[in-house]
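Readers should treat all values here as calculations from the given coordinates under stated rules, not as data from a laboratory. Not measured: the values here are computed from a predicted model. Backbone-built Cβ (ideal geometry, glycine too); neighbour counts: all protein chains shown.
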Amino acid sequence: MGFFSGKVVLITGASSGIGKATALALAQQGATVGLMARRQEELEKIASQMGGKGIVLVADITDEIAVQHKINELVGITGGLDILVAAAGISLRAPFAETTTATIRRVMEVNYMGTIHVTKAALPHIKERKGSLVAVSSLTGRQAAPEYSVYGSTKFAIQGLFDALRMEMLRDGVHVGVFSPGFVDTPLRYSVLKGNGLVHETPPVPPLRLWPVETCVKKILNMIRKRKTVATLPGFVRYLFALNDLLLPGWVGDCYLRYKFGYLRRNR
Ligand SMILES: NC(=O)c1ccc[n+]([C@@H]2O[C@H](COP(=O)([O-])OP(=O)(O)OC[C@H]3O[C@@H](n4cnc5c(N)ncnc54)[C@H](OP(=O)(O)O)[C@@H]3O)[C@@H](O)[C@H]2O)c1
């Protein structure tokens with residue numbers, strides 16, 4: 001019997017991309033998976049590929065009551081909850097000066113408050129089973145980059161939340177981890193918001209390598225199995241961040257990222 005066999009997992013953002021691929025992989029490895037997102041039809045299609053292992057939980061994660069209700073429903077069916085993978089999120093790429101406050105609030109509400117709602121509701125159940133809480137963050141939540149001031153802030157906030165939670169939960173035997181990938185090839189690329197809150201008509205070109213979603217799934221499953229607290233994609237980048245901070249605070253990293261994002265020259 002494998003590690004995930006018989007485990008109960010809740011995945012947010014399960015209707016697409018990283019959440020969907022993780023859900024399918026976990027069901028294949030014998031887990032029962034609660035699939036949370038807003039699009040019911042998508043979730044039902046995914047559940048139908050899971051041989052009875054998928055439980056559809058339609059909820060908007062910005063709605064705290066709905067999230068609580070759906071997690072109670074999952075626990076009512078399965079008898080408990082072992083693992084949370086909080087993957088739901090939206091993306092925004094825009095210079096800060098061009099981003100409206102309403103758009104900032106929206107991205108914070110989904111990415112950060114959404115993660116808070118889900119984590120709060122799942123925590124007591126996961127504590128009972130000494131299970132795992134994993135947030136899908138982003139490299140922009142470890143290292144700032146041009147045009148990711150707002151999106152990155154939501155991920156920095158998640159990192160801070162989960163780092164503190166990890167310490168608080170140690171005595172209770174709960175594993176808390178943050179997975180921070182670079183650019184990943186998912187439908188998110190086609191729904192990136194502009195500063196005015198509308199979707200970019202032409203998806204912004206990723207200035208760095210685009211990773212396949214399967215690599216994320218491997219990293220997330222490995223993280224849970226080994227109860228790792230940190231995982232990045234690519235893996236070596238966390239050592240570069242450390243070196244950059246230690247040796248030449250900010251300078252090399254800033255230059256490299258300004259170059260990659262087209263911010264090397266001064267505006268005239
Ligand atoms: N793709 C990348 O390049 C990349 C890089 C770094 C980090 N990430 C992070 O990875 C996570 C997953 O992204 P992805 O690439 O898999 O994106 P995706 O394919 O667009 O999937 C996003 C998921 O989030 C759900 N979602 C969005 N808003 C929601 C809301 N208000 N309530 C409930 N569910 C909501 C969507 O479901 P519904 O629309 O059905 O609600 C969907 O299932 C995100 O947190 C993202 O920030 C992605």
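Please work out the Cα convex hull volume for the chain and give it in Å³ per residue.
Values: hull volume 34.4 nm³, N = 268.
So the per-residue Cα hull volume is 128 Å³.
Using a ≥ b ≥ c from the Cα gyration tensor of the range 222-262 (square roots of the eigenvalues), is it rounded, prolate or oblate, where a/c under 1.5 gives rounded and otherwise the larger of a/b and b/c decides, a/b for prolate? All intermediate terms of the calculation are to be shown ahead of the outcome.
Details: a/c = 4.69, a/b = 2.05, b/c = 2.29.
Oblate.
What is the order of C216, C255, fewest Cβ neighbours within 10 Å to most? Before the final figure, lay out the partial values.
Values: C216 24, C255 13.
If I rank by nearby Cβ atoms, fewest first, I get C255, C216.
How would you rank 113-124, 96-107, 68-79, highest first, on the average number of other Cβ atoms within 10 Å across their residues?
Working: 113-124: 20.8, 96-107: 14.2, 68-79: 16.2.
For the peptides 113-124, 96-107, 68-79, the packing ranking is 113-124, 68-79, 96-107.
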For V192 and K130, FRET efficiency with R0 = 45 Å and r from the beta-carbon atoms, rounded to 0.05? 0.75
If amide H atoms are built 1.01 Å from N in the plane of the peptide, which residues on other chains or at least 5 residues away come under 5 Å of the amide H of F183? W211
Let me understand the range 152-268 better: what is its radius of gyration from the alpha carbons, and its Dmax, in angstrom? 17.0, 56
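Of all DSSP beta bridges in the chain, what percent run antiparallel (nearest 5)?
Numbers: 1 of 31 bridges.
Approximately 5 percent, going by the DSSP bridge assignments.
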Which of V174, V230 has the fewest Cβ neighbours within 10 Å, and the rest in rising order: V230, V174
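Report the gain in length on full extension from M1 to R225: 0.36 nm times residue separation, minus Cα-Cα distance, nm rounded to one decimal. Mind dumping the intermediate values first?
Numbers: separation 224, 0.36 × 224 = 80.64 nm, distance 1.36 nm.
Value of the extension gain: 79.3 nm.
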Cα-based equivalent ellipsoid, the range 40-127: semi-axes from gyration tensor eigenvalues, Å: 29, 16, 10
Quick one: net charge around V178, please, counting Lys, Arg +1 and Asp, Glu -1 for every other residue with C-beta under 10 Å from its C-beta. +3
The chain, dipole about Cα centre (Lys/Arg Cβ +1, Asp/Glu Cβ -1), debye to the nearest 20: 740
Compute the helix-to-body angle for 251-260: its Cα long axis versus the longest principal axis of the chain, expressed 0 to 90° and rounded to tens. 90
Highest-fluctuation residue, Y151, Y190, Y239 considered, GNM on the chain with Cα pairs under 10 Å: Y239
For the chain, the longest principal axis of the Cα atoms and the Cα long axis of helix 64-78 enclose an angle in degrees, to the nearest 10, of 40
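Beyond 23 Å between alpha-carbons counts as too far, so tell me which of K226/K260; K45/K228; K127/K228; K7/K70; K45/K130 fall in that bin. Please list the in-between numbers first.
On the way: K226/K260 34 Å; K45/K228 31 Å; K127/K228 17 Å; K7/K70 18 Å; K45/K130 31 Å.
Too far apart for the 23 Å limit: K226/K260; K45/K228; K45/K130.
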The range 123-188 and the range 1-65 have their Cα centres apart by a whole-number Å value of 19
Under a GNM of the chain (C-alpha, springs under 10 Å), which listed residue has the highest mean-square fluctuation: L208, L81, L161? L208
Calculate how steeply helix 17-28 sits against the longest principal axis of the alpha-carbon atoms of the chain, using the helix alpha-carbon long axis, and give the answer as 0 to 90 degrees to the nearest 10. 30
So which residue, out of G51, G182, G34, gets the largest mean-square fluctuation from a GNM of the chain using Cα contacts under 10 Å as springs? G51
